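Let me begin by presenting the structure, written as structure tokens, before commenting on it.
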Ligand code: NAP
């Protein structure tokens with residue numbers, strides 16, 4: 001059966017590493033991006049150069065109309081979705097909670113939580129083996145959500161709002177997994193530790209990954225490819241009995 005995967009935020013960092021690895025494993029990959037079209041196109045070109053099928057699709061995952069349009073395009077150009085990686089995510093600058101604004105929290109939850117919920121809802125409609133008006137009689141599928149060890153540690157003094165959003169992702173993973181367990185859909189999460197990507201620079205701390213090394217039992221940040229390996233394993237049939245699981249990939253942190 002053809003495997004069609006959507007990776008949100010697939011142009012850079014962990015999402016790009018996941019899209020590339022899945023492309024090598026034979027998935028047709030929709031590489032979503034919000035703003036950086038060039039990076040997403042480059043991931044698509046690399047998958048195609050390896051003989052795979054890929055498509056770059058723009059959508060802000062926190063905007064419902066854009067998510068619906070993205071799914072319509074994937075349906076048309078790649079076929080019904082069988083796998084989803086909810087990877088798109090943001091941090092913000094270091095601030096105590098008593099300094100943070102409602103606007104900051106709204107963006108944090110809109111992208112990290114509501115984006116994950118919106119993309120999952122549309123995926124379930126396509127994957128579920130349940131028949132009915134909303135459901136198209138899908139053939140099952142797999143969802144992997146990107147959480148963070150911040151959900152366990154709390155993010156104090158840095159970004160408690162981000163940690164709270166990732167905590168919501170963990171609970172959503174468990175609940176959705178149980179809700180669709182008999183409909184051919186598995187739902188799991190990966191909780192990365194400190195991974196060397198551009199996300200730290202976007203929060204105003206470009207050297208964070210290296211600076212944190214001594215606080216990590218393995219004494220180094222992880223790589224995007226080390227997280228991609230865990231995600232692609234959870235997507236695969238090798239993980240056929242894993243659902244509702246949250247897998248820490250964090251160098252022991
Ligand atoms: P990154 O390098 O900053 O890349 C983030 C990706 O998300 C980009 O492709 C970006 O797209 C996309 N994105 C951001 N906002 C979006 C939106 N509204 N709609 C669609 N796409 C959007 O991040 P990363 O480090 O690879 O992180 C990936 C995931 O892992 C995130 O969920 C993050 O919270 C989680 N994580 C990361 C770490 C870490 O240390 N790196 C640790 C724990 C968890 P554009 O390029 O188009 O802007």
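Odds and ends about this structure:
- Most mobile listed residue (102, 174, 117) in the chain, GNM with C-alpha springs under 10 Å: 102
- Result for the chain in a Gaussian network model with C-alpha springs under 10 Å: among 165, 239, 110, the largest mean-square fluctuation is at 239.
- Summarising the strand pairing of the chain, around 5 percent of its internal DSSP beta bridges are antiparallel.
- Considering the stretch 135-216, its Cα convex hull presents a mean projected area of 6.8 nm².
- Counted by neighbouring Cβ atoms within 10 Å, the residues 149, 144, 169 run from fewest to most as 149, 169, 144.
- Taking the stretch 212-253 and dividing mean pair separation by its residue count, relative contact order in percent (alpha carbons under 8 Å, at least six apart): 56
- Within the chain, helix-based [θ] at 222 nm, where runs of 4 or more DSSP H residues each add -39,500 (n - 2.57), nearest 500: -12000 deg cm²/dmol
- Ranked list, fewest to most other Cβ atoms within 10 Å of each Cβ, for 186, 96, 12: 96, 12, 186
- Sequence of 131, 237, 200 once ranked by neighbouring C-beta atoms within 10 Å, starting from the fewest: 237, 131, 200
- Of 238, 45, 179, the one that fluctuates the most in a GNM where the chain has Cα springs shorter than 10 Å: 238
- For the stretch 164-190 and the stretch 90-132, distance of Cα centres in Å: 13
Rule-based calculations on the coordinates, nothing more; no lab input. What you see is a predicted model, and the numbers here were worked out from it, not measured in a lab. A quick note on method: Cβ atoms are made from the backbone with ideal geometry, for glycine too, and the neighbour counts reach across all protein chains shown.
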